[in-house]
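Notes follow the structure.
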Amino acid sequence: MNTTQRSPGKEGTPTRPQTLPQLLLNNHRLRPDVIGHRYKQRGIWQEYTWRHIYGEVERLAFGLLALGVSRGQTVMLISENRPEIYWVEWAVMAIGARSVTLYPDSTADEMAYIAADAEAVCVFAEDQEQVDKALEARPRAPGLQSILYGESGGLWNYTQPGLSSLDALKALGQALQAAAPRRVEAEIALGQADDVALLAYTSGTTGQPKGVITTYRALLDCAERLRRALDLQPDTDYLSYIPLSWVPEQWFGVTLGMSLPLRVNFAERPDQVQEAIRELAVDVIVLGPRQWESLASRVFTRMIDAGWLRNKLLDWGIAVGRRVHLARTQGREPAARDRAAYALAEHLVLRPLRDQLGLKNVKVAITGGAAMSPDVVRLFSAMGTPLRNIYACSEFGLISAHTGQQYDPETIGQPLTAPTEWGPALEWRITEAAELQLRGAAGFSGYWKRPEKSAEKFDGGWFRTGDAVGKTARDELIYYDRVEHMSELRSGARYPKQFIEVRLRFSPYIKEVLVIGDAQHDHVTALVNIDDVVFSRWAEQRNLGFTTFADLSQRQEVVDQVAAEIRKVNGALPAGAQVVRFANLPKELDADEGELTRTRKLKREFIEQRYNAIIDGLYGTGANVAVSIPVRYQDGRSGTLQADVRLATVDAVQPTTARAAETA
């Protein structure tokens, strides 16, 4: 990074700056008039220089000190992505405190648990919705005293103690700032690379979330590995969309945003992200797998109503783009006829398609956080958007990435082994149980207040990722599944559930899917969550009537279409791993009901327990099963959904490739 120097002869020992607040202070001093943040408000893009940003952070830091927040304490934040959540986090760090950030859709119960576990003394809540959650959570978090908010709408009559706006917080710090104007700078100077910057809570797929202790060294090490892997340049435009509670945003928008620096942009609202991408022509965008899958599904949905000629033209353009870009990722020069056709396809199909999706000028497109079908990577690459995987975990940090022009979409990239100023070389190995284990880099600093759980993550000196992987001849990693989810049927046939699930999710008709089948079962089955947006358009085109999600999901025509999608994937699987029976769930899986994590990962055990009647039916011979499912409505009320669920059988297909057999 251009603001970091290495001490002569001391590999891995950085000199100044060593923390994010120190980087911020550097930007304030060295590039005060450079735009650091842009935020659309009421339809107008507001620009903030590093001088302005530092001034806001300093005033907030004085306010926190005046409020009584001190070094070593925890401040919690919950907000959509906007400059203020960055500035509050940096103010927290500037005074030596640590931050913990929640997903904006977290419930009051989740907030209460994390606030109590992290020992939070203060929370920044974006608006009335988040303030209401914080007020409900506060009695269950003994140390939580103060609630700060950014938007005052709806809060005029709130008189609860400890509740104040960010403007009031800055006013509170004015006297302290006047008396000791260098106090915040002095606090910033005390920071060290191994100080705790934040607690990053795990998604909690198998239990309560755990706080991962994340140091400045870890943030800077991962950010530097990302910079090298993706060849990121200073003043690149980046759109901040993924939440701060997901650690990659702490690497991209926060750490690289200050260290390169990037120009970080914020949409006015989450539903205006694509509009913001088109307006700004951003260079770098990071989305989770579900967002990329949603964009892919949007392409298909828009073409449902298009005519025969437009569909044929789209298919032709994507096919040409696929041949050209696939050749390049394989290190080959595209055939002359494909290069000639590509110029026309780019003009007629690919550039307009990228523009419609807001991806016209994106140079670096990233996904990570969960497994994703390689077909999604191929689709966007064919469009001319070079989508790449990064692979990381909350505990250890960044592990691998698709780098350069040549990479295999079936993989999660090569391990990023080179040392940085902040950590030694990354070493890796794959055990006999197919588990990826690591050591080196900045490493894992442990779980907050859970030394026994921290110890369980190590095999001698090696960190246990818990992920089952393979590798290619080029040492690119192939992700299979979590080790504990690698399954074996009664016949002894082994297969990775998630490997099948991500390929099924590539279908525009399938939003979520849970694959089932273990030692007590003779074959593989699946619970499918249909994409109701796609199927609604599909049904309208065919004049099929329906009333509710449950009604749509159980129509025979819809079940038949899902069966056809499953058969396509079955053709790429060995016979023993093919999905034999499935059921469409009569409701959407919901994070608020504990079925998904906030990153939309499946909570397998919970789902299998909740839908046990359907699973039992799939391993029987019946054609349907009646179920009663507890549901929670958006207004907080609870109820029960009664539904008659169809149990469908998928016709057997002959495997067309041995690739999945190798992965199993």
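Remarks
- At R0 = 35 Å, FRET efficiency that the Cβ-Cβ distance of ASP522 and TYR633 yields, to 0.05: 0.35
- With every protein chain in place, segment 528-628: carbon and sulfur % of accessible area (1.4 Å): 48
- Placing +1 on each Lys and Arg Cβ and -1 on each Asp and Glu Cβ, with no other charges, gives segment 52-109 a dipole about its Cα centre of roughly 280 debye.
- Taking the charge dipole of segment 231-306 about its Cα centre, with +1 at Lys and Arg Cβ atoms and -1 at Asp and Glu Cβ atoms, the residue from TYR238, VAL284, GLN274 reaching farthest to the positive side is GLN274.
- Relative to one another, the C-alpha centroids of segment 491-507 and segment 50-72 are positioned 49 Å apart.
- Across the options GLN174, LEU573, ALA441, the greatest Cα extent toward the positive end of the charge dipole of the chain (unit charges at beta carbon of Lys, Arg, Asp, Glu) belongs to ALA441.
- Once the 1.4 Å probe is applied to the protein heavy atoms, segment 48-185 comes out at 37 Å² accessible per residue.
- Carbon and sulfur %, accessible surface of segment 366-518 computed with the full protein complex present, 1.4 Å: 47
- Fully extending the segment from ARG490 to ALA189 would add 102.2 nm, taking 0.36 nm per residue of separation and subtracting the current Cα-Cα distance.
- The dipole here belongs to segment 557-637: it is taken about the Cα centre, uses +1 on the Cβ of Lys and Arg and -1 on the Cβ of Asp and Glu, and is about 240 debye.
- Accessible surface calculations at 1.4 Å, restricted to protein heavy atoms, place segment 285-324 at 47 Å² per residue.
- Contour minus Cα-Cα distance for THR417 and LEU30 (0.36 nm per residue): 136.1 nm
- Per residue, segment 344-419 exposes 30 Å² of accessible surface when a 1.4 Å probe is rolled over the protein heavy atoms with every protein chain present.
- Annotation: amide H of ASP590 within the under-5 Å range of GLU595, LEU596, sequence separation 5 or more or interchain, hydrogens built in the peptide plane.
- Computed extension gain for LEU344 through THR431, at 0.36 nm per residue and net of the alpha carbon distance, reaches 26.4 nm.
- The candidates ASP338, ASP518, arranged from most to least accessible area with a 1.4 Å probe in the full protein assembly, appear as ASP518, ASP338.
- With 32 Å as the limit, the listed pairs LYS210/LYS497; LYS453/LYS587; LYS457/LYS603; LYS40/LYS471; LYS363/LYS587; LYS471/LYS568 have LYS453/LYS587; LYS40/LYS471; LYS363/LYS587 beyond it between alpha carbons.
- Share of carbon and sulfur in the accessible heavy-atom surface of segment 94-177 [1.4 Å probe, %]: 50
- This model, with +1 at the C-beta of Lys and Arg and -1 at the C-beta of Asp and Glu, gives the chain a dipole about its Cα centre of some 1400 debye.
- Table column - 3J(HN,Hα) (Hz), segment 343-358, Karplus curve with 6.51, -1.76, 1.60, x for Gly and Pro: 4, 6, 4, 4, 6, 8, 10, 6, 5, x, 5, 4, 5, 4, 8, x
- Over the chain, DSSP H runs of length four or greater, each weighted -39,500 (n - 2.57), average out per residue to a 222 nm ellipticity of -10500 deg cm²/dmol.
- Among ALA137, ALA116, LEU256 the positive-end extreme of the charge dipole of segment 112-264 (Cβ point charges): ALA116
- Between GLU605 and ASP305, the modelled label-to-label distance comes to 4.6 nm, taking each label 7 Å out from Cα in the direction of the beta carbon.
- Antiparallel beta bridges, as assigned by DSSP with both residues in the chain, represent about 60 percent of the total such bridges.
The values are calculated or read from the model by the stated rules, or taken from the named source; none is laboratory data. Quantities reported herein were computed from a predicted structural model and do not represent experimental measurements. Quick reminder, even Gly has a Cβ in these numbers, built from the backbone with ideal geometry, and neighbours come from all protein chains shown. When the accessible area is computed, the model is the full protein with side chains, heavy atoms only, and any ligands, DNA or RNA have been set aside. Shrake-Rupley method; radii C 1.70, N 1.55, O 1.52, S 1.80 Å.
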